[in-house]
Amino acid sequence: MRDLERLINEVNGSMSMEGMPLTQTDKDRIRRCSGNDKLVEETIAELIKKHTDVRDYSHEQ
């Protein structure tokens, strides 16, 4: 478990340098998915869907 927390801290450090620190939800998601490849794939699919379902109506007249 200590290795997982170290990994989360390293990822958070890298993301913070890019101005996108991990949220508590992100950290919890990493912990929940750790070691479960099927859950990782499901979570990735959910996140992709969540962030691509937004419709851009700015081009409609």
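Bear in mind these aren't lab numbers, they're just calculated from the coordinates by the rules spelled out. A quick note: this is a predicted structure, and the numbers were derived from the prediction, not measured. Using ideal geometry, Cβ is built from the backbone for each residue, glycine included, and neighbour counts are taken over all protein chains shown.
A P(r) calculated from all alpha carbon pairs of the chain, with 5 Å bins opening at zero, reads 4, 15, 18, 20, 19, 10, 6, 4, 3, 1, 0 percent. Distance from a point 7 Å along Cα→Cβ of residue 10 to each backbone N in the stretch 23-56: keep the residues under 13 Å and list them by number. It comes to no residues whatsoever.
Taking every full run of DSSP H in the chain, the ones that stretch at least 15 Å from end to end by Cα along their long axis and average -1.0 or higher on the Kyte-Doolittle scale are 2-17, 37-52.
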